[in-house]
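These notes are about the structure you will find just below.
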Amino acid sequence: MSFSTSIGRFREGNPAPLYVQLQQLIRDAINRNVLAKDDALPAERDLAIEYDVSRITVRKAIGGLVEEGLLTRRRGAGTFVATRVEKSFSKLSSFSEDMQSRGRTPSSAWVSRTIGMVTPEESLSLGLSPGSAVYRFQRIRYADDTPMALEYSTIAGYCLPTIDAVQDSLYEALEAAGNRPVRALQRLRAVHFSPEHAKMLGVDAGHAGLFIERRGFLRDGRAAEFTQSYYRGDAYDLVAELNDI
């Protein structure tokens, strides 16, 4: 069955621009589950031939749906229906726990891990004295082999026995050391990815993303974690429960 047979063709007499019509066909197919999460779309050239439009029209239609978060581009693989993840802002959990709870397989690619002395910014965030030791972990976080986030974590030196204690999950390592955070303060803002960040996440430079800064605290009130994360905007929904209590 052809792609146009599955999702439909342009309606005769529709005055809307062709790229808008193509967007609506794909959007409706996603909403009706005709196109399921992680389904691959045909190549731009094939869509242009099938709908008798230019590749520029197809590229504009696809680009708009990527910005909406309905589609995602994977470098070297093509365009897919986005698989979005809901991240709760009211529960303190790790990336690995978030993915596993949704049936996804988390993994990491290490950018670097180092031991050093605390910087002025880290000292302020972690409440550490100048000269204090810290561990720094920089990773690309994946779900089912899809890059989802960049994570830059600084951990107070007293929280881990060695730098090699962290393998897959940072929070598992902290828990094993008896120093898992029990509460956190988080700050969120929208960003556009720099060329460097975009390359690591497999998206275009300027792609919309979410920047989350977290400070995690131990039960005794000491700060343990200072993490800055860059999440793909086309892959995440942030959810918070509110009440008037």
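Given the condition in contact (Cβ under 8 Å) with a residue 24 or more places away in the chain, surrounded by 20 or more Cβ atoms within 10 Å (Cβ to Cβ), touching a Lys or Arg at 6+ places or on another chain (Cβ under 7 Å) and farther than 26 Å from residue 72 by Cα, answer yes or no: does some residue in segment 167-176 qualify?
yes
Within segment 108-128, which residues are surrounded by 13 or more Cβ atoms within 10 Å (Cβ to Cβ), hydrophobic (A, V, I, L, M, F, W, C) and not in a loop (DSSP other than H, G, I, E, B)?
Passing the criteria: 111, 117, 126.
For segment 1-19, which positions are surrounded by 15 or more Cβ atoms within 10 Å (Cβ to Cβ) and of a type in the set (Val, Ile, Thr)?
7
Among the residues of segment 73-95, is any among the basic types (Lys, Arg) and at pLDDT 85 or above?
no
The values are calculated or read from the model by the stated rules, or taken from the named source; none is laboratory data. Note that the structure is a prediction, hence the values are computed from the model and not measured. Don't worry about glycine lacking a Cβ; one is built from the backbone with ideal geometry, like all the others, and counts go over all protein chains shown.
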